[in-house]
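First the structure, in the form of structure tokens, and then the observations on it.
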2 protein chains.
Amino acid sequence: MTESITIDCLQYAAWSEKVFRQMRQGGVDAVHVTIAYHETFRETVANIEEWNRRFSAYPELIVHACSAADVRAAREQERTAIIFGFQNCSPIEDDLGLVQVWHRMGVRFMQLSYNNQSLLATGCYEREDPGITRMGRQVIKEMNRVGMVIDMSHSSERSTLEAIEISERPIAITHANPANWHPALRNKSDDVLRELANSGGMIGFSFYPHHLKGGSDCTLISFANMVRTMADRLGIEHLGIGSDLCQDQPDSVVHWMRNGRWTQETDYGEGSSKQAGFPEQPTWFQDNRSFPGLRQALLSEGFDAREVGQLMGENWLRFFEASFTAQA
Amino acid sequence: MTESITIDCLQYAAWSEKVFRQMRQGGVDAVHVTIAYHETFRETVANIEEWNRRFSAYPELIVHACSAADVRAAREQERTAIIFGFQNCSPIEDDLGLVQVWHRMGVRFMQLSYNNQSLLATGCYEREDPGITRMGRQVIKEMNRVGMVIDMSHSSERSTLEAIEISERPIAITHANPANWHPALRNKSDDVLRELANSGGMIGFSFYPHHLKGGSDCTLISFANMVRTMADRLGIEHLGIGSDLCQDQPDSVVHWMRNGRWTQETDYGEGSSKQAGFPEQPTWFQDNRSFPGLRQALLSEGFDAREVGQLMGENWLRFFEASFTAQA
């Protein structure tokens, strides 16, 4: 614990003792893990049951966290804090009342949409973007009330801008990069990033190759340089990491993420029929053991130790502190 | 059975022996009944279980029907054929595969949206209407394939026009009236009605007061006159009845229809805080015993016996014949 805190605000690995040990080796203090892409309420409960079994099996490595205080305690105990989140609103089905139920079960992030139109907002792969729906406005209000963070990582432009505007509390884009660095439907426009920062929100920069300039060949220098540009433009306090690491997952998982149960044809999302599976990770971000190298690269980019601390996790921790409890 | 067939293509009564006896008294041969507004898959299964208990309890009055042949057989047996339909897509949750499952269970109509944005299409009370979603296109294709009718009664303008265009089989608006007769968000524009008729679709005219010119005070003459205008404009073969009769329902039911589980505030739909409950039915359409009077009014309007037969049920029966079985 000589370094400042390290928080990764998005991972969806094939969870295993190996992955948890690598978190410890990489000095990763907290990870926001995805527990639902397209799952129903009941299916998501089953995913929590699986996490409960992992917490029981590896108590020296991981612990469930619901608050910033839980994250700090985990760090003291040299365990990795696990924070639950949804990448879609499917676990609340059509039921506003489930927001509070899920918060009680420890869920702290929910995307309002995942690629497609949802009951709440539009996903980044729809052709049209009507913004936040009638139910979406109700759900934002309820998430604000109970202390669940609105995550717009996979949502589209107008829906994201409206979520920022409608939400009374700062929102997050837990895993994406600036579109002006690497144009991709999943990356975010200057407008979105400006409004996000102006409203006190956070973005977690992603190492998922489809979000990186040059894809799998993106260099760490190019990445660190982009972080510098964004720090200058948005203010460093709004920036963090959300690696989108999908370590050890079979390609059937990326098929599930993209296709859920909504199509009979195959949707390739950010990939293509020629590159249907998970892309190759960049050499400098293979797994949780890559975080110290990232820290070093940010220092080499000219950020001072305090700034690197902010980028690597302090900003997320401050955001958790402000976001995970009920509205005053 | 001296009269031609009588079909009502939408009711949602508080089902009881009284209502079923009135169907027989009114000579109603078939009714499309709503079995879901906001229910999940499992909740809708429970609603089917309730219908199964009713079929067992009143075998001399009602019988489940899945085909035009079933409707004809019911008429021979002097029973009322009950056809299942959804006013929303909530029973398929986020799962395309449930379309076929529901068809197998006897569901023959599904609205792509109910008032709000759904995973498939937009409802008539949203401010924006982005049209049919990515999942919506898949579901339309699947409904076409298995033989489930796309119903756009509660959907918005662009979504309805796109559904007509995308669907390879004619669609239905089971219960609504022309907006040029009575402007209401739930009633349908000239464009929608023209495209519906051009594509071989059907509209069922509604007696729900909020859809009627003059509301509860609408006269039967005004109604019959509107039918004449629409017959001249669209072709009589596209017209039928979908009364939207919600007989004996407590006001808690209209609250459920409008508010489901999506809002903490109260949505009044077509009503208002001053008129929050079900509106008063027009004197000439109180219950299923009102159908003979309606038949008489259409004759008085100048339709001949064959035309009245078409309007009262033959058109729907022909549509059922073409729509309820798998695509060739």
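Under the condition of being within 30 Å of B:LYS18 (Cβ to Cβ) and among the acidic types (Asp, Glu), the residues counted in segment B:225-249 number 2.
Applying a threshold of 7 Å to beta carbon distances and a minimum spacing of six or more residues, or different chains, the list of pairs starting in segment B:24-48 at a residue that is more than 14 Å from every other protein chain (Cβ to nearest Cβ) and more than 30 Å from B:GLY309 (Cα to Cα) and ending at one that is surrounded by fewer than 22 Cβ atoms within 10 Å (Cβ to Cβ) and modelled with pLDDT under 95 reads B:ILE48/B:MET105.
Here is a check on your reading of the model: is A:ARG72 at pLDDT below 95 and more than 12 Å from chain B (Cβ to nearest Cβ)? Here the answer is no, as A:ARG72 does not meet what is asked. Is it the case, given these coordinates, that B:ILE164 is away from chain A (no Cβ under 14 Å), modelled with pLDDT of 95 or more and in a strand (DSSP E or B)? The answer is no for B:ILE164.
Could you list all residues from segment A:237-277 that are more than 30 Å from A:PHE303 (Cβ to Cβ), more than 14 Å from chain B (Cβ to nearest Cβ), part of a loop (DSSP other than H, G, I, E, B) and out of contact with any Pro (no Cβ under 8 Å at 6 or more places or on another chain)? If the condition is that a residue be more than 30 Å from A:PHE303 (Cβ to Cβ), more than 14 Å from chain B (Cβ to nearest Cβ), part of a loop (DSSP other than H, G, I, E, B) and out of contact with any Pro (no Cβ under 8 Å at 6 or more places or on another chain), then A:ASP248, A:GLN249, A:PRO250, A:SER272, A:SER273, A:LYS274, A:GLN275, A:ALA276, A:GLY277 are the ones that fit.
Per the listing B:ALA172, B:ALA163, B:ALA176, the residue uniquely buried (at least 24 other Cβ atoms within 10 Å of the Cβ), free of Cβ contacts under 8 Å to residues at least 60 places away in the same chain and of a type in the set (A, V, I, L, M) is B:ALA163. Only residues that are in a helix (DSSP H, G or I), under 18 Å from A:SER323 (Cβ atoms) and under 16 Å from the mean Cα position of the chain (by Cα) were counted across segment A:189-236, and they come to 1. Residues that are surrounded by fewer than 18 Cβ atoms within 10 Å (Cβ to Cβ) and of a type in the set (Phe, Trp, Tyr) were ranked within segment B:249-290; the one that is nearest to B:ALA36 (Cα to Cα) is B:TRP256. The single condition from (1) under 17 Å from the mean Cα position of the chain (by Cα); (2) touching a residue at least 60 places away in the same chain (Cβ under 8 Å) that B:ALA65 fails is (2). The listed residues are B:LEU239, B:LEU212, B:LEU220, and the only one of them that is crowded, with 17+ Cβ neighbours inside 10 Å, closer than 30 Å to B:ARG169 by Cα and touching a Leu at 6+ places or on another chain (Cβ under 9 Å) turns out to be B:LEU239. Within this structure, A:ARG186 passes the test of being more than 13 Å from chain B (Cβ to nearest Cβ), touching a residue at least 24 places away in the same chain (Cβ under 8 Å) and outside any strand (DSSP E or B). Among the residues of segment B:132-148, which ones are within 7 Å of chain A (Cβ to nearest Cβ), of a type outside the set (S, T, N, Q) and crowded, with 24+ Cβ neighbours inside 10 Å? Residue satisfying the conditions is B:MET135 alone.
Condition check ((1) of a type outside the set (A, V, I, L, M); (2) at pLDDT 95 or above; (3) within 24 Å of B:SER118 (Cβ to Cβ); (4) out of contact with any strand residue (DSSP E or B) (no Cβ under 8 Å at 6 or more places or on another chain)) across all residues:
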residue: A:GLN25; (1), (2), (3), (4): yes, yes, no, yes
residue: A:GLU43; (1), (2), (3), (4): yes, yes, yes, no
residue: A:PRO59; (1), (2), (3), (4): yes, yes, no, yes
residue: A:GLU78; (1), (2), (3), (4): yes, yes, no, yes
residue: A:ALA81; (1), (2), (3), (4): no, yes, no, no
residue: A:CYS89; (1), (2), (3), (4): yes, yes, yes, no
residue: A:GLY106; (1), (2), (3), (4): yes, yes, no, no
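The number of residues in segment B:302-328 that are crowded, with 19+ Cβ neighbours inside 10 Å and in a loop (DSSP other than H, G, I, E, B) comes to 2.
For segment B:99-140, the set of residues classified as over 23 Å from B:ASN259 (Cα atoms), basic (Lys, Arg) and either part of a loop (DSSP other than H, G, I, E, B) or touching a residue at least 12 places away in the same chain (Cβ under 8 Å) (or both) consists of B:ARG108, B:ARG137, listed by residue number. Taking first residues from segment A:273-295 that are in contact (Cβ under 8 Å) with a residue 60 or more places away in the chain and partners that are among the acidic types (Asp, Glu) and assigned to a loop (DSSP other than H, G, I, E, B), the Cβ contacts under 9 Å between residues at least 6 apart in sequence or on separate chains come to A:PRO279/A:GLU270; A:GLN281/A:ASP287; A:ASP287/A:ASP248; A:PRO292/A:GLU3; A:ARG295/A:GLU3. Within segment A:99-131, restricting attention to residues that are of a type in the set (S, T, N, Q) and crowded, with 21+ Cβ neighbours inside 10 Å, which residue is farthest from the other protein chains (Cβ to nearest Cβ)? Checked segment A:99-131; the qualifying residue farthest from the other protein chains (Cβ to nearest Cβ) is A:GLN111. Whenever a residue of segment B:301-328 is within 17 Å of B:LEU234 (Cα to Cα), its partners that are crowded, with 19+ Cβ neighbours inside 10 Å and of a type in the set (Lys, Arg), lying with C-beta atoms within less than 7 angstrom and at least six residues away or across chains, give the pairs B:VAL308/B:ARG295; B:MET312/B:ARG295.
The values are calculated or read from the model by the stated rules, or taken from the named source; none is laboratory data. As the structure is a prediction and not an experimental result, all values here were calculated from the model. Positions of Cβ are generated from backbone atoms using ideal geometry, with glycine treated the same way; all protein chains shown enter the neighbour counts.
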